[in-house]
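S.K.: Structure provided below as structure tokens; questions to follow.
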Ligand code: BEZ
């Protein structure tokens, strides 16, 4: 396994900026799938946030993917793997250029990315236009496995709908009737709070207000004051990474955690508890992972991730690890020959992966079918409370695959 470009994101960005002309030219035509001779490494492009509020998420996806490859001795399905990285900075406006550079100049065979739904939407468009294989290891934009679905596009994470709709019934059953939702104002925030609302109103509850601020702002004070004034039965929130750390701490600092229970999509407390400390205790979330899932794959994964990085694994590391597991299924089917990509993609669609999250298969749009768990922060981790939805399948609205 070798690294092709500078690890440092700044030097990488400078490196890329020098080739703007090439990128423009590359964007103007459809890129063929590179014909790679057997034996040459498969070039995997990571397009992830290595800086900004989602930096830790990107790094854990990268670490999780590499862990899986290392466990297979640096190959997947017998094919050596090499990496090219780009820091997407969670900036949708740079996404098309970054993607075109990876494909057109760096000649990657496939792309792994990204975290932010807005960036992912631009990546999906390029992947469709250039017939490039894309595995999304986090971003939940419903469209990627909905109206924008394609045979070469997969997700090893979730759709924004999938992890939040089940929370509606959970919160109604817990006795909450009037709820305020709060999130960043962009695709993920809008779609997650909408999905929660769909489940909650179906159960009989009412969303009394939706509060939002632009991504990635973290000036929560005015919105927290508004929640205190509205006095809902509970709050449902979507924030992630550095923003989630600050929101949970600000909510507790205002004393609201004592009077208005805080719920959310699992990203509110995944990978963030070391920084949130006791302020996260008691927060309940839904997600397709819990730290204490009692299955052999999770135990082995957590031990291996800790040994590799010195850190506790989280959902982002799991999604990266599983992206490599999914690619391995395709490469195993073709004995490492990516020029037989059609066969590899069919094997990937049919894959059944024994993930640390539990069993994972894929629907016709390439989105995981998976259990969604209710978790509560106890003992400094996201502990399993119950299964909020068994084998939840995204409806793939608008997918014509
Ligand atoms: C998203 O933009 O889709 C997203 C970002 C962070 C965590 C979860 C989802």
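Each value in this text was obtained by applying a stated rule to the coordinates, not by laboratory testing. In this text the structure is predicted, and so the values were computed from the model without any measurement. Cβ placement follows ideal geometry from the backbone for every residue including glycine, while neighbour counts extend to all protein chains displayed.
S.K.: What is the ratio of the Cα radius of gyration of the range 242-392 to 2.2 N^0.38 Å, where N is its residue count, to two decimals?
M.R.: 1.20
S.K.: Using the number of other C-beta atoms within 10 angstrom as an exposure proxy, rank 119, 208, 377 with the fewest first. Display every interim value, and only then the final one.
M.R.: Details: 119 29, 208 14, 377 24.
Going from least to most buried by this count: 208, 377, 119.
S.K.: Taking a quarter of the surface of the convex hull around the Cα atoms of the range 161-287, what do you get in nm²?
M.R.: On the way: hull surface 25.8 nm².
Taking the Cα atoms of the range 161-287, their convex hull projects to 6.4 nm² on average.
S.K.: Using Cβ contacts closer than 10 Å as the measure, can you line up 343, 219 from fewest to most?
M.R.: Working: 343 13, 219 10.
Final ranking by Cβ density, sparse to dense: 219, 343.
S.K.: Which of 228, 391, 324 moves most in a GNM of the chain, Cα contacts under 10 Å?
M.R.: Top of the fluctuation ranking is 228.
S.K.: Quick check on the range 354-401: what does the Kirkwood estimate of hydrodynamic radius come out to from the alpha carbon pairs, in Å?
M.R.: 12.3
S.K.: According to the Cα gyration tensor, what semi-axes, each the square root of 5 times an eigenvalue, does the equivalent ellipsoid of the range 218-282 have, listed from largest to smallest in whole Å?
M.R.: 18, 12, 11
S.K.: Moving on. What angle, in degrees between 0 and 90 and rounded to the nearest 10, separates the Cα long axis of helix 241-253 from the longest principal axis of the Cα atoms of the chain?
M.R.: It is inclined by approximately 10 degrees.
S.K.: Something else about it: Report, in degrees rounded to the nearest 10, the 0 to 90 angle that the Cα long axis of helix 160-173 makes with the longest principal axis of the chain.
M.R.: Once rounded, the angle reads 20 degrees.
S.K.: Let me ask something additional. Considering only DSSP beta bridges where both residues belong to the chain, give the percentage that are antiparallel (nearest 5).
M.R.: On the way: 19 of 54 bridges.
Rounded to the nearest five, the antiparallel share is 35 percent.
S.K.: Across 20 Å bins from the origin, how do the percents of Cα pairs in the chain run, short distances first?
M.R.: 29, 58, 13, 0
S.K.: To continue, here is another question. Under the Kirkwood approximation for Rh and a Cα-based Rg, what ratio Rg/Rh is obtained for the range 40-132?
M.R.: Values: Rg = 13.0 Å, Rh = 13.4 Å.
My calculation of the ratio gives 0.97.
S.K.: Another one. Could you identify which residue out of 63, 294, 322 has the top mean-square fluctuation in a GNM of the chain using Cα springs shorter than 10 Å?
M.R.: 294
S.K.: Further question on the same structure: What is the helix-to-structure angle for 187-203, meaning the angle in degrees between its Cα long axis and the longest Cα principal axis of the chain, kept from 0 to 90 and rounded to the nearest 10?
M.R.: The angle comes out near 50 degrees.
S.K.: Run through all the Cα pairs of the range 69-175 and give the fraction in each 10 Å bin from 0, expressed as whole percent.
M.R.: P(r) for the range 69-175, in whole percents per bin: 14, 40, 28, 12, 5, 1.
S.K.: For 213, 262, which order do you get if you count the other beta carbons within 10 Å of each Cβ and list the fewest first? Each step should come with its number before you reach the end.
M.R.: Details: 213 18, 262 25.
Going from sparsest to densest Cβ surroundings: 213, 262.
S.K.: For the range 113-168 and the range 255-284, write down the distance between their C-alpha centroids in whole Å.
M.R.: 27
S.K.: Additional query: Would you calculate, for the chain, the mean residue ellipticity at 222 nm contributed by helices, counting each DSSP H stretch of 4 or more residues as -39,500 (n - 2.57) and dividing by all residues, to the nearest 500?
M.R.: Calculated at 222 nm, the ellipticity per residue is -12000 deg cm²/dmol.
S.K.: Give the Debye-formula value of log10 I(q)/I(0) at each listed q (0.27, 0.28 Å⁻¹), with one equal scatterer per alpha carbon of the range 195-239, two decimals each.
M.R.: Calculated log10 I(q)/I(0) at the listed q: -1.10, -1.14.
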